[in-house]
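Only one structure is covered here, and it is reproduced in the block below.
The values are calculated or read from the model by the stated rules, or taken from the named source; none is laboratory data. Worth saying up front: this structure is predicted, and the values here are computed from it rather than measured. Note that we place each Cβ from the backbone using ideal geometry, even for glycine, and neighbour counts take in every protein chain shown. We work out accessible area using only protein heavy atoms, side chains counted, and drop any ligands, DNA or RNA first. Shrake-Rupley method; radii C 1.70, N 1.55, O 1.52, S 1.80 Å.
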Amino acid sequence: MPEARDGSTSFLRDAGAAFALVFRSPLAIYLLYNLTFVTALFATYGADIQGLAYLHSSQSNLWRMLTVVAPTAWVTTLVILLSDFERNRSAWPRTRKGRMTVTLCILLGLPISVLPLVAQYVAWQESPVMVAAVSRVLPGSSPYLKMLITNMLGLTTATLLACGIIGVHTQLRERLPEFQQRTGPPRSGALDEDARWYQQQASLLKQSLALCAITIGSSILSVGAMRNLLNQGIATPTETLPTAPVLGYGIYYTGLIASIYLPAHKSLKDVGNLLVEQFLQQSPGNPTTWKQRYEEQQAARAWLGLQGSALQDIQQGLSVLTPLLASISSLILGSGDP
């Protein structure tokens with residue numbers, strides 16, 4: 001009996017540890033994503049299980065599922081960001097001046113980010129045809145409330161991503177004068193610590209860019225799908241919504257991402273180049289020939305990840321969803337006919 005009791009206790013302890021490992025680690029992301037997707041789909045269009053059927057005569061089911069891709073990605077991104085913030089807060093500046101800088105940048109940039117959303121609501125309210133189409137597409141008594149909640153969720157996600165990029169940029173700008181003022185070789189161990197800090201900031205910047213790519217890619221898919229749903233809900237063919245605004249939406253927010261990321265990447269490169277020079281100063285038996293100096297410089301640049309350019313990083317980040325976008329772009333940006 002004691003052996004059986006010990007075995008049962010051991011099983012429960014291992015089961016509890018496994019449960020904690022799943023729900024307190026990135027292992028839970030796929031569970032969160034799928035649960036959020038189904039919840040968002042049912043909350044927006046009603047608990048119609050037939051809408052998930054993969055052989056169905058109604059094309060609108062596809063558009064409905066694609067419209068909830070964005071809020072699902074936003075919730076998943078929010079969980080990732082909040083989890084990282086809870087663990088280390090490495091993207092958040094440690095100084096009060098740095099935190100005030102991030103807050104000021106966000107407050108000044110927020111109206112620009114909100115402008116397309118406000119313009120959309122104004123355009124809808126001025127068009128009775130669009131109001132009727134939205135009411136037909138989104139069941140329930142408050143379709144605009146659903147869209148407002150969804151847009152606020154997306155805006156919160158975008159704001160936190162911007163805070164992350166600007167926070168990293170602020171920390172780099174705060175440390176840059178310190179690196180510039182160093183005249184001699186740094187003390188033992190200090191350069192390795194600086195290099196670890198630099199690589200952490202570079203990793204955070206790339207993660208934020210990848211999440212931005214996922215956010216904007218999923219948003220374009222959802223907006224395009226909503227356009228097709230509205231086209232089906234509009235009775236007058238002359239009122240059919242064109243594809244140009246969807247493309248303009250993507251270009252607008254891609255430009256916003258680039259305007260935040262490119263300056264941060266330049267500061268990252270500036271700090272990295274200063275660290276490379278300090279590595280060369282600390283190198284035993286400083287390189288005496290240009291060939292030796294070049295080889296050590298390239299080795300240090302490769303270790304710090306200074307080989308790529310900012311445009312290459314943006315291209316890689318925005319290509320995260322390229323296969324998905326390429327496979328269904330003809331559907332999303334099609335004529336919208338039922």
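For segment 73-89, a residue qualifies if it is over 10 Å from the mean Cα position of the chain (by Cα), modelled with pLDDT under 90 and in a helix (DSSP H, G or I), and the qualifying residues are 79, 82, 83, 84, 85, 86, 87. Of everything listed in (1) in contact (Cβ under 8 Å) with a residue 24 or more places away in the chain; (2) within 19 Å of residue 154 (Cα to Cα), the single unmet condition for residue 98 is (2).
So residue 104 passes all but one of these: (1) open to solvent by 50 Å² or more (accessible area, probe 1.4 Å); (2) part of a loop (DSSP other than H, G, I, E, B). Which condition number does it fail? Of (1) open to solvent by 50 Å² or more (accessible area, probe 1.4 Å); (2) part of a loop (DSSP other than H, G, I, E, B), only one is false for residue 104: (2). Is it true that some residue in segment 138-146 is more than 30 Å from residue 265 (Cα to Cα), open to solvent by less than 30 Å² (accessible area, probe 1.4 Å) and in a loop (DSSP other than H, G, I, E, B)? Scanning segment 138-146 turns up at least one residue that is more than 30 Å from residue 265 (Cα to Cα), open to solvent by less than 30 Å² (accessible area, probe 1.4 Å) and in a loop (DSSP other than H, G, I, E, B). The residue of segment 230-259 that is surrounded by the fewest Cβ atoms within 10 Å (Cβ to Cβ), among those that are over 16 Å from the mean Cα position of the chain (by Cα) and among the polar types (S, T, N, Q), is 238. Once segment 107-126 is narrowed to residues that are of a type in the set (S, T, N, Q) and without any contact (Cβ under 8 Å) to a residue 60 or more places away in the chain, the residue that is most open to solvent (accessible area, probe 1.4 Å) is 125.
Could you tell me whether residue 227 is among the charged types (D, E, K, R), crowded, with 21+ Cβ neighbours inside 10 Å and in a helix (DSSP H, G or I)?
Judged against the criteria, residue 227 is a match.
Consider segment 36-72 and keep the residues that are assigned to a loop (DSSP other than H, G, I, E, B), in contact (Cβ under 8 Å) with a residue 24 or more places away in the chain and within 21 Å of residue 149 (Cα to Cα). The one that is most open to solvent (accessible area, probe 1.4 Å) is 46.
Within the bounds of segment 14-35, is there any residue that is modelled with pLDDT of 80 or more, part of a helix (DSSP H, G or I), open to solvent by less than 90 Å² (accessible area, probe 1.4 Å) and not aliphatic (A, V, I, L, M)? Scanning segment 14-35 turns up at least one residue that is modelled with pLDDT of 80 or more, part of a helix (DSSP H, G or I), open to solvent by less than 90 Å² (accessible area, probe 1.4 Å) and not aliphatic (A, V, I, L, M). When the test is whether a residue is out of contact with any Pro (no Cβ under 7 Å at 6 or more places or on another chain) and within 21 Å of residue 266 (Cα to Cα), residue 162 passes it. Assess whether residue 90 counts as being open to solvent by less than 40 Å² (accessible area, probe 1.4 Å) and within 27 Å of residue 163 (Cα to Cα). Taking the combined requirement at face value, the residue satisfies it.
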